[in-house]
Amino acid sequence: MIEVIKRNGKKEAINIEKLHEVVEFACYGLTGVSSSEVELKSQLQFYDGMTTKEIQETLIKAAADLISEHTPNYQFVAGRLISYNLRKEVYGAFEPENIYDHVERLIGLGFYDENLFMWYTKQEFELMESWIDHSRDENLTYAAMEQLRGKYLVQNRATKELFETPQMAFMLIAATLFHKYNNGDRLHYVKELYTALSNFDLNLPTPVMAGVRTSVRQFSSCVLIETDDSLESINATASSIVKYVSKRAGIGIGAGRVRALGSPINGGHATHTGVIPFFKHFQSAVRSCSQGGVRGGAATLYYPIWHYEVEDLLVLKNNKGTENNRIRHLDYGVQFNKVFYERLLAGEDITLFSPSDVPELYEPFFTDVDKFKELYEIAERKTSIPKKKIPAIDLFSAFMQERKDTGRIYLMNVDHANDHGSFIKEKAPIRMSNLCCEIDLPTTPLNDVNDRDGEISLCTLAAINWGNIKEPKDFERPCELAVRALDALLDYQDYPVPAAEKGTMWRRPLGVGIINFAYWMAKNNMTYSDPDLEMVDEWAEAWSYYLIKASANLAQENGMCPGSGETKYGQGITPNMTYKKDVDELVPHKERMPWKKLREQLARSGISNSTLMALMPSETSSQVSSSTNGIEPPRALVSVKQSKDGILKQVVPGIHHLKNKYELLWDQKSPEGYLKIMAVLQKYIDQGISVNTSYNPIHFEDEKIPMSLMLQHMLMFYKYGGKQLYYFNTYDGATDDFEEPAHPYAEGTGVDDDYEDDDCDACKI
């Protein structure tokens, strides 16, 4: 007879009948599952002296192992088994405790924000208790529950002891975010936000999901920090990086101003060591603190294509060379504008300069292409300025080769970021992006970490689940909730660096994105290779309109953000007025929403948030909501992902009736259809998109992706107004049933092997 050890330490004979009841509960109402299959698979692993917790985990693993394309509902069986185990651990019983008692207990344990009892009365908590629906936990899949208990739910990260269940977390996040609303409105918004979160109409990023309701007060996912060409500024940048990496944020570093190797210092008394030692300094800062105790941080460093050291900078990520001339734990964003594409097409040279030798070039590079071209050509003719020339085709090819080989060299079209952004470029230029290449916000270098004259930009994220939207008008409520919740969060969180608080309070930037796009496409009978761009345009228009309307209404209620006058919104100009008109070749321009009235409102009363849209990656939150990842095609109908918590199986939504409607990533012969979709979406977005390019070599002669084709797609991306290109994914021949990326921030090729999982805890919501 097998004896088991109970939670109280007592030993008793294993109760097979009780196990049967638990598994029957997990299988109830689900088709294509069998409790006996789960029991048979698990009982083979039972042994004398097991703890009840080990038995429960064995049942979970047995159910998870049965998840397949043909038996997808085992994902709910495994999820319910985790939920049962979680409730026993958190509450000591299956029935959850009253929310008031729960909050009181966790405040006493030091986990919840003690202000919850100052903000809400016992009677208000009783109302929340009547709204909370713990049965919604039964709709959570295996991948969802694993991600929740691994990353989101309040816990002691040293002992792994958990202290809440999903519905408690969702309700208390809603209560915390809307605590400052007046008494007449706030409970209404608390209930609405709870409903949206628990039904996954709206998804929040890791810093918000894990931190809101606790004593942690930093929830911005993306931090943009620009450095000047001075030791003081470089050290201030490094200090700021450390402060924000420790708060779970992903970092963008603007380092294009740093002078090149051999440039004079102090009037020629010394020569510069070049950028690489200082980039190594940033790498050390990024890796010095872990993101929430999980792992080291991550950053993307941006520099212009015309930097004198660009040939050495392009190869920093690859596996060749030595540690002295490689910096592999940063990612890199290379910045282009129209001038350099023209040089490529004309078969001309690109001239490289140290930024310190041509200071007049730096600002126009971002904001005024014509002026930059004029000054650039003057500098090329000056014999007194150190320079070197490289054929444009060679430099573009080198960039693309490194992008392909590492997957981690990104692209930023800085003229598009400024021309089609929300900011008036003469007042608030965009000079960089973030870790994941979707955020476009103004920055100003710091002279020291407490410098209030500088500006660090933060962006706070969320995403709308397109898969839950039945028709475009249904975007209104989730869009309003997203804007109101995130706007309230800006006032609730702390700011460890003064320049970050200054910038955030001045501009109040938000980034609301999209999840479950591939599911939405499958439901509407379209593929990435053959999309219905008219329909994409119609839905993106409504999504964008309602986000802008929500912020415009907030401005009428509470006053515009102080920086509204530096935005195009403040002039009554919306993103669908400034987009690259080449997009009209893809889908004719039309306005279905009442834009005229909204633009008049914007011009009259301004906007509450300088930015509103950004399409970010969403690996983790898509698993929590059983959605497809952001705007990306799935790699398989059942994806098996390696995470720090183990192997997770995720099933595409609607697999029973839509399995033949999905176009999988590696089945696409070209990224052209995907890039056209991104162009249409970008038309309505005031920031950027984390756009990936993916290639399966089997679709090409000799299984080699032609350089000419990759450059063609790069040019196509520019033609249609693309701002940033993120990952370069190459299918490596592994089966579609198992994905184990080599790098936590890559889904394709990678060069690092010391990371555990494929998901950034910051920008990837």
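Every read-out reported here was derived from the displayed coordinates using simple, explicitly stated rules and does not represent laboratory data. Computed from a predicted structure; not experimentally measured. When we count neighbours, we look across all protein chains shown, and the Cβ atoms used for this are built from the backbone with ideal geometry, even at glycine.
Quick notes
- Residues Leu86, Leu44, Leu395 arranged by fewest to most Cβ contacts within 10 Å: Leu44, Leu86, Leu395
- With neighbours defined as other Cβ atoms within 10 Å of a residue's Cβ, the residues Glu585, Glu309 order from fewest to most as Glu585, Glu309.
- Integer Hz, Karplus 6.51/-1.76/1.60 couplings in order for region 703-714, x for Gly and Pro: 6, 10, 7, x, 4, 4, 6, 4, 5, 4, 5, 4
- Calculated from backbone phi, Karplus (6.51, -1.76, 1.60) coupling profile of region 542-557 in Hz, x at Gly/Pro: 5, 4, 5, 4, 6, 5, 5, 4, 4, 6, 5, 5, 4, 4, 5, 6
- Beta bridges assigned by DSSP with both partners in region 222-414 are antiparallel in approximately 25 percent of cases.
- Charge dipole (region 1-96, unit charges on Cβ, about Cα centre) - positive-most of Leu30, Gly9, Ala64: Gly9
- When both region 91-125 and region 656-710 are represented by their alpha-carbon centers, they are found 47 Å apart.
- Cross-link partners of Lys661 among lysines, defined as those whose alpha carbon lies under 23 angstrom from its own and excluding same-chain residues fewer than eight positions apart: Lys470, Lys523, Lys641, Lys649, Lys669, Lys676.
- Cα convex hull volume per residue for region 222-414 (Å³): 118 Å³
- Relative packing of peptides 635-642, 657-664, 718-725 - highest average C-beta neighbours within 10 Å first: 718-725, 635-642, 657-664
- About its Cα centre, the chain has a charge dipole of approximately 1020 debye under the convention of +1 per Lys or Arg Cβ and -1 per Asp or Glu Cβ, with nothing else charged.
- Listed residue pairs exceeding 20 Å between alpha carbons, taken from Lys425/Lys580; Lys247/Lys549; Lys371/Lys427; Lys590/Lys683; Lys280/Lys338; Lys317/Lys387: Lys247/Lys549; Lys280/Lys338; Lys317/Lys387
- Reported to the nearest whole Å, the Cα centre-to-centre distance from region 136-159 to region 162-232 is 17.
- Under-5 Å amide H pairs with Thr567, H placed in peptide plane, nonlocal only: Ile424
- Cut-off under 5 Å, modelled amide H: who pairs with Thr443 long-range: Arg431
- Of interest is the spacing of the C-alpha centroids, which for region 523-591 and region 374-435 amounts to 27 Å.
- Cβ-Cβ FRET estimate between Asp667 and Thr51, R0 fixed at 41 Å, reported to 0.05: 0.35
- Potential lengthening between Ala398 and Ile107 on full extension [0.36 nm per residue; Cα-Cα distance subtracted]: 99.2 nm
- Reach of Lys11 by Cα under 22 Å, taken over lysines that are not fewer than 8 positions away in the same chain: Lys53, Lys88
- Within straight-line reach of Lys723, meaning a Cα separation under 13 Å, sit the following aspartates and glutamates at least 8 residues removed in sequence or on another chain: Asp415, Asp419, Glu438, Asp440, Asp686.
- Each Lys and Arg contributes +1 and each Asp and Glu -1, all at the Cβ; summed about the Cα centre of region 1-96, the dipole is approximately 340 debye.
- Share, in percent, of DSSP beta bridges within the chain that are antiparallel, nearest 5: 45 percent
- In a DSSP loop and with at most 14 other Cβ atoms within 10 Å, the trypsin sites (Lys or Arg not before Pro) in region 1-32 are Lys6, Arg7, Lys10.
- Amide hydrogen neighbours beyond the local backbone of Ile350, cut-off 5 Å, H modeled: Ile390, Ala392
- Per-residue 3J(HN,Hα) values for region 366-382, derived from phi via the Karplus relation 6.51 cos²θ - 1.76 cosθ + 1.60 with θ = phi - 60°, read 8, 10, 8, 4, 5, 5, 4, 4, 4, 5, 5, 5, 5, 4, 4, 7, 6 Hz in sequence order (x marks Gly and Pro).
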